[in-house]
Every structure is written in C-alpha cells, then in structure tokens.
Amino acid sequence: MAQMKKPRHFLTLLDLTKDELKAVIDRAIELKALLREGKPHEHFNNRVLGMIFEKSSTRTRVSFEAGMAQMGGHALFLSPRDTQLGRGEPIEDSARVLSRMVDLVMIRTFAHETVERFAAYSNVPVINALTDAHHPCQLLADIQTYVEHRGSLSGKTVAWVGDGNNMCQSYIHAAEQCDFELRMACPDGFAPDANLLENFKHRVVVCSTPEEAVRDTDLVVTDTWASMGQEDEKQAREKAFAGYQVDHELMSFAKPDALFMHCLPAYRGKEVSNELLEDPESVVWDEAENRLHAQKALMEFLDKHSR
C-alpha cells in the first residue's frame, strides 16, 4: 500500500539514530507492560505484514506473527516454495509488487544484499529479520533485556565469545549505538569482517582468550558455533571452538552481577553449559520473549516515520 513519503527501513542497527534506538527500546518496555495489563494496542488494525522466509525460524516467525496479531494486524508467511522469488523472479520485481499490497515487509535470508536490493525498490518499510551479515532485531531484544535487568548499557563492557558471525557483527554496531566497549574472543579464522573491525576499532577490543574477553565485564554473550547453512562444517567447527564454551567457570571472570545471553537455539554442552543456561544469571528466556516486544515497537516506529 503506497506510502506518502520515502519509507524508513531497518537493515542494521545503524539505520536508527542513537536517540531513535533508545526510543524504540523504551517503547518496547512500555508495550510489554501494556500487553501484561491486558490493554489493547491496535496500531496495525486492518494492516498487513509480509514475512519472507528463505531461512527457517521459530522465534522470528512467532514473534512477528504474534506481534502483528496483538497490534490488530495480520501477517503473511511466504517461503520460497510459495512465491515467485523461489522460482527466480528478480528481487526488484517482487519488491515492487509486494510493497503495493502490504504495509511492511520482513525478510529472513542469506545474503545481506538481498534485503538491501529489496529495500531499494520497496515503497513500504523493510526489516532485516536476519542475514548472514547482521541480525539487528535480535540486538533490539538483547538491549531491551539488559536495560530491564541492569539499566543503560552506556559505559558498560560486553564480552562476545565464539564465532564472529552475524550476531557478533550486530554487537559491534550495538557498541557504537549504545556506547559500550565490546571485547571479543574468536578462534583463528572465525573473526568478524575486517572492515567492520577497522571502522569500529574505537569500540572493539580483540582478545586472545575467552578469559581475557570476559574479565570484569557486565554482560557475556555467545551463539551457536555452526549457524544455519554451516551444518557440513559442524565437526571442524567444534574442534576449532574447543575451549570457547561459556560455563560457570568462565563467568567467574566477569563481574559478580554480570548477565549471560544467547539468542537461541542453544546447543547445551557445546557453546554453553546446560548448568549456565538454567542459572538465574542467564536471562535468555527474557531475551527470547523480548523479540516480540522490541519488534512491535520497531514496526510501530517504522510505520509512523514512513507516513
């Protein structure tokens, strides 16, 4: 459905200003409270979100679909089997057609270029729900979770332990946007994009061991060692990541009140111990729930700033 002005997209955290990001997080916390109080918020009454999934998902699909329903709207699930995108229709053509029929589009795919090309030809807001390069929606939930438990991330120190993947790269953006220091420990050959490290070297400290990265930090974060599409590398990756499991012993190097996060799904006994995942210092279940609230706030923000 045609917008009155150029739409705002959310492809990385840098698409929001620092003040806008804070406003989205504050609104997410407010929407969470409204939902728990049973107060309806139907901003998207009779509106439609198109959800394009080239990668499968649990949390992403449920959080966006439930979020639209709670806000009075509807969500359409579109897989490559269901659309002409899966049969080779140009991304640009699909973008121009779909954005005349729906009010927002979210895309979960492989190449980051896919969401960039789609956004360039869409006349409604486009949300990156995950690419191989970035996962900004998850960072909204992570930031919200930290704020709820400990307050602002500004001036804090965060440790990333594991693969320099899309989550790690979005944490680099988050360090810039939220004014914290990011320490990362990645095995040789698994560091994030070199240009990203160079561009944000004022925010990132590359450490040689997980213990060095975690020491005296306020938040410790990890992710699966083999992401979707890397299943054939699983054995080699498990060998390379030996010694990078986050457990109580590693967390003992962090501050006493440090939190642990994982975007899930988690492989217990691999990147995280079962005991830590079930510990009170682990806030992964709040983190998972907050995908719902943060994305509702994001969709509302993008819609309001695109009309």
Bins of 10 Å, starting at 0 and running to the largest distance - Cα pair percent for segment 88-235: 11, 36, 31, 18, 5, 0
Can you sort Thr145, Thr58, Thr12 from fewest to most other Cβ atoms within 10 Å of each residue's own Cβ? Thr58, Thr12, Thr145
Just to confirm the number: angle between the C-alpha axis of helix 284-304 and the first principal axis of the chain, 0 to 90 degrees, nearest 10? 40 degrees
Per-residue ellipticity at 222 nm for the chain, helices alone: DSSP H runs ≥ 4 residues times -39500 (n - 2.57), over residue total, nearest 500 deg cm²/dmol? -12000 deg cm²/dmol
Between Asp93 and Glu198, what is 0.36 nm times their sequence separation minus the Cα-Cα distance? Round to one decimal in nm. 34.2 nm
In cubic angstrom per residue, the convex hull of segment 30-175 built on its Cα atoms measures 129 Å³
Could you tell me the convex hull volume per residue, in Å³, taken over the Cα atoms of the chain? 127 Å³
What are the ³J(HN,Hα) values, in whole Hz, obtained from phi via the Karplus relation 6.51 cos²θ - 1.76 cosθ + 1.60 with θ = phi - 60°, for each residue of segment 65-77 in sequence order, with x given for Gly and Pro? 5, 5, x, 5, 4, 5, 9, x, x, 9, 10, 9, 8
GNM of the chain, Cα pairs under 10 angstrom: of Arg268, Arg81, Arg117, the biggest fluctuation goes to Arg81
Whole-Hz Karplus couplings 3J(HN,Hα) for segment 44-55, θ = phi - 60° and coefficients 6.51, -1.76, 1.60, Gly and Pro as x, run 9, 4, 6, 10, 10, 9, x, 10, 9, 10, 9, 10
Placed amide H near Ala75: partners under 5 Å, 5+ positions off or other chain: Leu49
Starting from the amide H of Val246, placed 1.01 Å from N in the peptide plane, find each other amide H under 5 Å away whose residue is 5 or more places distant or on another chain. Val272, Ser273
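Every number here is computed from the coordinates shown, using simple stated rules; none is lab data. As the structure is a prediction and not an experimental result, all values here were calculated from the model. Here Cβ is always computed from backbone atoms with ideal geometry, including for glycine, and neighbour counts include all displayed protein chains.
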